[in-house]
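Let me begin by presenting the structure, written as structure tokens, before commenting on it.
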Amino acid sequence: MADLIPRNNWSLGINNRAPWRSLPEGSARDIVNLDPMPGGGIALRRGYQQVYAGSAVRGALAVGNYVLIADGTSLCCYDTTTDSSTVLKTIAGAGRFNGAVLNDELFFCTENETLRFKDGVLRTWGVQTASSHPVPTIVAGGLAAGEYQCAITFVDAYGDEGGTVSPLLITVTDDTGLQFTLPTPPEGGFCRLYVGPRQASTLYLQFEGSGTALITSIDDSTARLETLNCRTPVVADFIEAHNAVLLMADGAVLWHTDPMHPHLRSPMRGFLQFGASIDGVMSSDGGVFVAADQTFFIAGLETDQAQQLKVFPHGAVRGTFTRTADNHAAWMTRYGIAKSDGQGGAALLSADRFVPEIAASGQSGLLESNGNQLVVTTMTPSQSGNPLAAADYYDVEIVPNE
């Protein structure tokens, strides 16, 4: 009987690229529910504790002491301090459920809504865009003859101002005024009316409120209209916070909100387009990593001097971007896990010894247990394995039948 060879060093983890008959010392062909430890041993992966029992859970988003859960058609809020949950509202029963935290507030979307949540309060993310402007009645006043541009915006109960379409151009004669009947504002909000000086392109705030507004002269010392052509956030496949903006990936387009205005985006300047659908977005290394048909690093995205660099000639497994304990980006590729280097580059950490199954999508997270920090990825595999992985083989000789 052959002597058994003891193995007590698994520090290199899984290796599926070397033939199984000659694995390097410190490697294992496969490990299930076990984690390699820094000293070379292995430990049982930490289990879980159930805190919420749902019927059709498809996603969870955390902010502060709260976890928002998409459970069928219910948006539930689990409070970690009281170990209790409540239903916040009815939502779409399937589809997207993504979000990001900016300034301790969660901004997220379902399949057909954009919402925000802070300190137990849920409200709409975005303010209704003014899609048209009221046509004023010409009355007596102090306006000089000429052309005047007019526009309205809506302001919600929290003081956030929405976007508006191109201004209305009105031509008047001498000694006239403009009387507006303002539309009904969103619930709890009001309207702002902007009018520009004669023959001018800049509009200034002339009235706040609802009902009727009478303009007989123009005050050009007030606030300027700054939300022209801005729109509400989009329902997105991925949402990520970066500096003072929110990024929203919708198909092959990456939108970003206006700096310091998370409820507004500009269709004129606030987007980038890629060659294929975006599979992941992560803010790290002072910029943003974006995985589409290739993987890119974008610096200065929220400015007019954005710079785009190619990191890898391939993309990522959809949905697997996460942040490591040292605040770097990490994600899964068909060549194994990638990690940013802190300067906008990245390296494939395990490509020489491990490749995962080809997967259509997945999720990643940071697990800290037994003094070990691990990036753990769960994936939905495709029908076939990764051709880069080593496999058993047979030598076959075909002899013709003569």
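The values are calculated or read from the model by the stated rules, or taken from the named source; none is laboratory data. On a predicted model such as this, the values are computed, not experimentally measured, just so you know. Cβ placement follows ideal geometry from the backbone for every residue including glycine, while neighbour counts extend to all protein chains displayed. We work out accessible area using only protein heavy atoms, side chains counted, and drop any ligands, DNA or RNA first. Shrake-Rupley method; radii C 1.70, N 1.55, O 1.52, S 1.80 Å.
With contacts taken as Cα pairs under 8 Å and at least 6 residues apart, the stretch 120-192 reaches a relative contact order of 40 percent.
Working out 0.36 nm times the residue gap between Arg269 and Ala56, then minus their Cα-Cα distance, what length gain in nm do you get to one decimal? Provide the component values of the computation, followed by the final result.
Values: separation 213, 0.36 × 213 = 76.68 nm, distance 3.90 nm.
Answer, rounded to one decimal: 72.8 nm.
Note on the stretch 239-285 and the stretch 122-136: Cα centroid distance 22 Å, given to the nearest whole angstrom.
Residue separation of Asp30 and Thr181 scaled by 0.36 nm, minus their Cα-Cα distance, works out to 47.2 nm of gained length. Secondary structure note: in the chain, about 95% of the DSSP beta bridges are antiparallel. Net charge dipole, the chain: roughly 360 debye, given to the nearest 20, about the Cα centre with Cβ charges of +1 for Lys and Arg and -1 for Asp and Glu.
Between Asn9 and Arg46, the distance separating the two model label sites (each 7 Å from Cα on the Cα→Cβ line) works out to 2.8 nm.
Each peptide in 68-75, 340-347 was scored by the mean count of other Cβ atoms within 10 Å over its residues; highest first, the order is 68-75, 340-347. Computed in the context of the full set of protein chains, the accessible area of the chain at 1.4 Å probe radius has 48% of its extent on carbon or sulfur.
With no solvent and one equal point scatterer per Cα, compute the Debye intensity ratio I(q)/I(0) for the stretch 295-359 at 0.21, 0.24 Å⁻¹ and report its log10, rounded to two decimals. Reported log10 I(q)/I(0), two decimals: -0.89, -1.09.
Debye calculation, C-alpha points only, no solvent: report log10 I(q)/I(0) for the stretch 153-197 at q = 0.22, 0.26, 0.28 Å⁻¹, in the same order as the q values. These q points yield log10 I(q)/I(0) values of -0.86, -1.04, -1.12.
Against the criterion of solvent-accessible heavy-atom surface with a 1.4 angstrom probe, Trp255, Trp331, Trp20 sort, most first, into Trp20, Trp255, Trp331.
A simple spin-label model places pseudo-atoms 7 Å from Cα toward Cβ; at Glu208 and Leu348 they are separated by 5.7 nm. In loop segments of the stretch 92-134 as defined by DSSP, the GluC sites (Glu not before Pro) with at most 14 further C-beta atoms inside 10 Å of their C-beta are Glu111. In the chain, taking the dipole from charged Cβ atoms about the Cα centre, the farthest positive-side position among Val57, Ser210, Ala299 is held by Val57. Once the mean of 1/r is taken over each pair of separate Cα atoms and inverted, the stretch 188-288 shows a Kirkwood hydrodynamic radius of 16.1 Å. Solvent-accessible surface (1.4 Å probe) assigned to Val67 amounts to roughly 40 Å². Each residue of the stretch 203-218 was assigned a 3J(HN,Hα) from its phi angle through the Karplus expression (A = 6.51, B = -1.76, C = 1.60, θ = phi - 60°), giving 9, 10, 5, 10, 7, 10, x, 9, x, 10, 10, 10, 10, 10, 8, 10 Hz with x at Gly and Pro.
Each residue was assigned an accessible area with a 1.4 Å probe, and for Met379 the value is about 60 Å².
The candidate values are (1) 111, 56, 48; (2) 63, 48, 43; (3) 78, 71, 44; the one derived from this structure for Cα extents along the principal axes in Å carries the label (1). Take the stretch 91-213 with all the other protein chains still there, run a 1.4 Å probe, and you get 43 Å² of accessible area per residue.
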